[in-house]
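The values are calculated or read from the model by the stated rules, or taken from the named source; none is laboratory data. Note that the coordinates shown come from a computational prediction; the quantities given were computed from them, not determined experimentally. Because the Cβ atoms are built from the backbone with ideal geometry, glycine has one as well, and the counts that use them run over all protein chains shown. Accessible surface is based on the protein model in full, side chains and every heavy atom, while ligands, DNA and RNA are left aside. Shrake-Rupley method; radii C 1.70, N 1.55, O 1.52, S 1.80 Å.
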Amino acid sequence: MDTPLKHIAFIMDGNGRWAQQCGLARTEGHKVGAQRVFDVAKRAFKHWNIPYVTLYAFSTENWKRPAYEVSFIFKLLATYLKHKRSLFFENEIRLNTIGDISKLPENARTVLVDLKEQTKKYKDHTLTIALNYGAREEVLRAISQLSEEERQHITWEALEKHLYTAGMPDPDLIVRTSGEQRLSNYLLLQAAYSEFYFTPTYWPDFDDEAFDKAIEEYMRRTRRFGGI
Ligand code: FPP
């Protein structure tokens, strides 16, 4: 099915609350949440033909969580990517990251770097995972990377080239699960004209039906980009 969407971005929220409501440890919520990732990517790439999918997996603020939970999330990410490795090749999906991954635990970083390198030839489907990502840090980093010449007269076009998302279209739709209605330092500049969709569904329960509802809602919206 074709949609006018080029890029859909998700804030995967509610893993902890999902686990709590099932009487499980928060980490169990992350496990089930990780299993949702490929279902969502497949629905976007294969069913809806959306070329870019971006997921907020770990923010610059998430380091404040208990050390065991942080460590669990990165171990889970590494295990998950190793386990699902063949799916990237079978479905021709390029893995991409945004955020400063140099600060990630070694194991997770190695898996990410390798898989990114091995999948960079794929052009039609890009799965971007935001890791140690924060929009404010992204802007400061972009400014610090401007050349002397660019700095004399800063333009949006010049700044944009130094964002982690350089070369990617801005997100058409940003979906946040779990009932929270905020951006939490996610893609602040790229979201200038994005549509937002908030659903009370927790991320581990965000199935194809929930996904399709978000797309159908998006299709009903009229985007004017500041025009009339
Ligand atoms: C938000 O739920 C979830 C996270 C901060 C972590 C998401 C990470 C994964 C699912 C790990 C694997 C990632 C990939 C891409 C395979 P929360 O803990 O904030 O939930 P709560 O608000 O209910 O506490």
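What's the whole-number percent of alpha carbon pairs in region 117-212 lying beyond 23 angstrom?
40
Below 8 Å between Cα atoms, with a sequence gap of 6+, how large is the relative contact order for region 151-203 in percent?
40
How many percent of the accessible area of region 19-91 is carbon or sulfur, using a 1.4 Å probe?
Of the solvent-accessible surface of region 19-91, carbon and sulfur hold 53 percent.
What whole-number distance in Å separates the alpha-carbon centres of region 60-92 and region 185-220?
So the separation of the two Cα centres works out to 22 Å.
Can you give me the Rg/Rh ratio for region 60-110, using Cα atoms for both radii and the Kirkwood formula for Rh?
1.02
Counting only helical runs of four or more DSSP H residues, what would the 222 nm mean residue ellipticity of the chain come to if each run contributes -39,500 (n - 2.57) and the total is spread over all its residues?
The helix-only estimate for the chain comes to -13000 deg cm²/dmol at 222 nm.
Between I143 and M1, what FRET efficiency follows from the Cβ-Cβ distance if R0 is 41 Å, with the result rounded to 0.05? Spell out each step's value before the answer.
Working: r = 40 Å, r/R0 = 0.98.
Efficiency, from the Cβ-Cβ distance: 0.55.
Carbon and sulfur together cover what percent of the accessible area of region 160-228 at a 1.4 Å probe radius?
Within region 160-228, the accessible surface is 48 percent carbon and sulfur.
Accessible area per residue, 1.4 Å probe, Å², for region 48-88: what's the number?
49
I need the calculated FRET efficiency for the pair A67 and I228, taking r as the beta carbon distance and R₀ as 45 Å, to the nearest 0.05.
0.30
Cα-Cα pairs above 34 Å in the chain: how many percent?
12
If one puts a single equal scatterer on every Cα of region 33-79 and applies the Debye formula without solvent, what log₁₀ I(q)/I(0) results at q = 0.14, 0.15, 0.21, 0.28 Å⁻¹?
Taken in order of the listed q values, log10 I(q)/I(0) reads -0.45, -0.51, -0.79, -1.03.
If you take the beta carbon distance between Q20 and Q118 as r and set R0 to 45 Å, what does 1/(1 + (r/R0)^6) give as a FRET efficiency, to the nearest 0.05?
Computed FRET efficiency for Q20 and Q118: 0.75.
State to the nearest 20 debye the size of the charge dipole of the chain about its Cα centre, where the only charges are +1 on K and R beta carbons and -1 on D and E beta carbons. All intermediate terms of the calculation are to be shown ahead of the outcome.
Details: 32 positive and 31 negative charges, 79 e Å.
Once rounded to the nearest 20, the dipole reads 380 debye.
I need the chymotrypsin sites (Phe, Trp or Tyr not before Pro) found in region 131-222, filtered to DSSP loop residues with at most 12 other beta carbons within 10 Å of theirs.
Here the sparse-neighbourhood loop sites are Y193.
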